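Some notes on the structure that comes next.
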Amino acid sequence: MRIAIVLSSLLALAACSREPQPQSAVGRGAAFLWKQQAPDGGWHSHTYGLLRSGQSMTPFVLDALLRVPAADYPMPTDKLDQALAYIRSHRGKDGSVGMNDPSIPDYPNYSTALAIHAIVAAHRNGFELEIAPMIAYLRTQQFTEDNGWHPKDLSYGAWGMGGGRRTPPDTGHVDLSMSGYVIDALRAGGIPESDPALKAARIFVERCQNFDPHKPDDLDGGFFFTTTEFDTNKAGQEGKHYRSYGTTTADGIVALIALGTDRSDPRIVSASRWLTANHKGMGTPGFNRPAHQRWIHGLAFYYSSASMAAFKILGKGPAPGVVNDLQHLQKPDGSWANTENLVKEDDPLIATGFALRALTGQ
């Protein structure tokens with residue numbers, strides 16, 4: 001009996017010793033997120049009710065974890081398989097993710113785009129067939145002629161939250177961030193930049209830039225959030241133009257390059273000049289008025305991720321100060337969380353997901 005107890009204890013200790021003991025900030029962040037995976041294979045917010053379903057949270061977290069180098073944290077393949085199975089089980093007949101409860105959509109365009117990116121990164125056999133209906137779904141969601149929209153419409157080429165198709169004049173919410181995630185997913189899924197969907201997307205992305213091709217020095221070259229809703233352009237308005245700010249400018253740069261724009265293009269040069277001149281670590285630039293000060297910190301983790309991606313794609317190396325700031329802010333359990341709740345970054349699953357994207361430079 002005592003021998004059996006001893007053997008059982010030794011086996012338990014051996015199992016514990018096989019668990020990775022990460023030393024790097026990336027490894028500790030990955031360990032935290034894997035520990036939060038639920039028995040159903042998904043990640044579920046304990047901070048926000050809408051995100052409790054796991055439909056948007058799971059592909060977001062998994063996509064971040066798939067960027068982690070094995071040297072920082074070896075991929076637990078069994079847990080990866082469970083996460084992929086969770087995404088499959090929540091994919092609708094139309095290819096969407098995030099519509100498990102149609103009365104409470106969980107950001108379906110965002111969820112589907114991130115799911116595509118994660119499935120491609122996981123690179124399991126047959127992933128091309130798996131993402132095909134998801135790509136088809138995202139095509140149905142774009143503001144193009146197929147849904148009654150035309151190039152003169154300010155929302156043309158964009159993507160909104162998802163769900164039912166939007167037809168004129170019902171724009172709903174469209175923005176550069178959501179559209180950027182879809183563009184990234186379509187490119188990851190093998191859609192060429194010459195595809196009509198991406199040509200239409202370029203029109204929307206360019207409309208979100210403070211840039212005049214005929215007078216390139218007249219505007220600052222940065223980007224704003226949306227062409228259709230004043231209140232969601234978080235830095236406000238300057239005369240006839242929305243003010244540029246950090247997250248949108250970084251997103252705009254990444255989107256333009258994904259759409260095939262050369263780094264020497266005047267649009268990229270102008271946006272790069274704005275971003276590098278205004279960048280200050282994790283603090284989101286562009287919020288200069290007293291009424292907008294909370295956004296400097298409220299978007300800190302999103303900006304960390306977006307700025308690192310933009311600086312990398314521009315060939316400028318890591319965004320200055322971001323790595324040091326993140327390492328300083330990491331909690332003992334490996335997580336991150338924002339003290340501001342403006343965009344839900346107080347949820348450690350969200351802040352840690354963005355932090356891992358930033359620290360892995362992707």
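The values are calculated or read from the model by the stated rules, or taken from the named source; none is laboratory data. Computed from a predicted model, the values in this text were never measured in an experiment. Note that we place each Cβ from the backbone using ideal geometry, even for glycine, and neighbour counts take in every protein chain shown. Surface accessibility is based on the protein's heavy atoms, side chains included, excluding ligands, DNA and RNA. Shrake-Rupley method; radii C 1.70, N 1.55, O 1.52, S 1.80 Å.
So here's what we get for this one:
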{"quantity": "Scan of the stretch 29-56 for residues that are polar (S, T, N, Q) and closer than 15 Å to Ser89 by Cα, ordered by number", "calculated": "Ser53, Gln55, Ser56"}
{"quantity": "Residue list for the stretch 101-129, filter: in a loop (DSSP other than H, G, I, E, B), among the polar types (S, T, N, Q) and either at pLDDT 95 or above or within 14 Å of Gly41 (Cβ to Cβ) (or both)", "calculated": "Asn125"}
{"quantity": "Extreme residue, surrounded by the fewest Cβ atoms within 10 Å (Cβ to Cβ), among residues of the stretch 225-263 that are of a type in the set (S, T, N, Q) and outside any loop (DSSP other than H, G, I, E, B)", "calculated": "Gln237"}
{"quantity": "Tally of residues being part of a helix (DSSP H, G or I) and open to solvent by 20 Å² or more (accessible area, probe 1.4 Å) across the stretch 130-156", "calculated": "8"}
{"quantity": "Identity of the residue in the stretch 273-285, of a type outside the set (Phe, Trp, Tyr) and assigned to a helix (DSSP H, G or I), that ends up least open to solvent (accessible area, probe 1.4 Å)", "calculated": "Leu275"}
{"quantity": "Residue in the stretch 185-196 that is at pLDDT below 95 and either of a type in the set (Ser, Thr, Tyr) or crowded, with 16+ Cβ neighbours inside 10 Å (or both) present", "calculated": "no"}
{"quantity": "Residue count for the stretch 156-194, restricted to those that are among the small types (Gly, Ala, Ser) and either more than 22 Å from Leu114 (Cβ to Cβ) or touching a Cys at 6+ places or on another chain (Cβ under 7 Å) (or both)", "calculated": "1"}
{"quantity": "Given (1) within 23 Å of Val343 (Cα to Cα); (2) aliphatic (A, V, I, L, M); (3) open to solvent by less than 10 Å² (accessible area, probe 1.4 Å); (4) out of contact with any helix residue (DSSP H, G or I) (no Cβ under 6 Å at 6 or more places or on another chain), number of the condition Leu80 does not satisfy", "calculated": "(1)"}
{"quantity": "Residues (buried (at least 23 other Cβ atoms within 10 Å of the Cβ) and either more than 20 Å from the chain's Cα centre (by Cα) or assigned to a loop (DSSP other than H, G, I, E, B) (or both)) located in the stretch 286-303", "calculated": "Gly286, Leu299"}
{"quantity": "Condition met for Lys316 (without any contact (Cβ under 8 Å) to a residue 24 or more places away in the chain, basic (Lys, Arg), surrounded by fewer than 21 Cβ atoms within 10 Å (Cβ to Cβ) and part of a loop (DSSP other than H, G, I, E, B))", "calculated": "no"}
{"quantity": "Qualifying residue in the stretch 164-178 (condition: assigned to a helix (DSSP H, G or I), open to solvent by 30 Å² or more (accessible area, probe 1.4 Å) and touching a strand residue (DSSP E or B) at 6+ places or on another chain (Cβ under 9 Å))", "calculated": "no"}
{"quantity": "When residues of the stretch 124-180 are limited to those that are farther than 17 Å from Ile87 by Cα and of a type in the set (Phe, Trp, Tyr), the one nearest to the chain's Cα centre (by Cα)", "calculated": "Trp159"}
{"quantity": "Helices (runs of 4 or more DSSP H) wholly inside the stretch 1-65 containing at least 2 residues that are at pLDDT 95 or above", "calculated": "25-35, 57-65"}
{"quantity": "Pairs with Cβ under 7 Å, 6+ apart, first in the stretch 220-245 and over 19 Å from Gly283 (Cβ atoms) and at pLDDT 90 or above, second open to solvent by 10 Å² or more (accessible area, probe 1.4 Å) and among the basic types (Lys, Arg)", "calculated": "Gly221/Arg273; Thr227/Arg207; Gln237/Arg243"}
{"quantity": "Out of Ala306, Ala310, sole residue that is assigned to a helix (DSSP H, G or I), aliphatic (A, V, I, L, M), open to solvent by less than 20 Å² (accessible area, probe 1.4 Å) and touching an Asp or Glu at 6+ places or on another chain (Cβ under 7 Å)", "calculated": "Ala306"}
{"quantity": "Subset of the stretch 84-117 that is hydrophobic (A, V, I, L, M, F, W, C) and closer than 15 Å to Ile131 by Cβ - its residue that is surrounded by the most Cβ atoms within 10 Å (Cβ to Cβ)", "calculated": "Ala113"}
{"quantity": "Test: residue in the stretch 76-93 that is farther than 25 Å from Ala136 by Cβ, within 18 Å of the chain's Cα centre (by Cα) and in a helix (DSSP H, G or I)", "calculated": "no"}
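Condition check ((1) at pLDDT 95 or above; (2) under 22 Å from Arg28 (Cβ atoms); (3) buried (at least 17 other Cβ atoms within 10 Å of the Cβ); (4) out of contact with any strand residue (DSSP E or B) (no Cβ under 6 Å at 6 or more places or on another chain)) across all residues:
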position: Pro332; (1), (2), (3), (4): yes, yes, no, yes
position: Ala337; (1), (2), (3), (4): yes, yes, yes, yes
position: Leu342; (1), (2), (3), (4): yes, no, no, yes
position: Ile350; (1), (2), (3), (4): yes, yes, yes, yes
position: Ala355; (1), (2), (3), (4): yes, yes, yes, yes
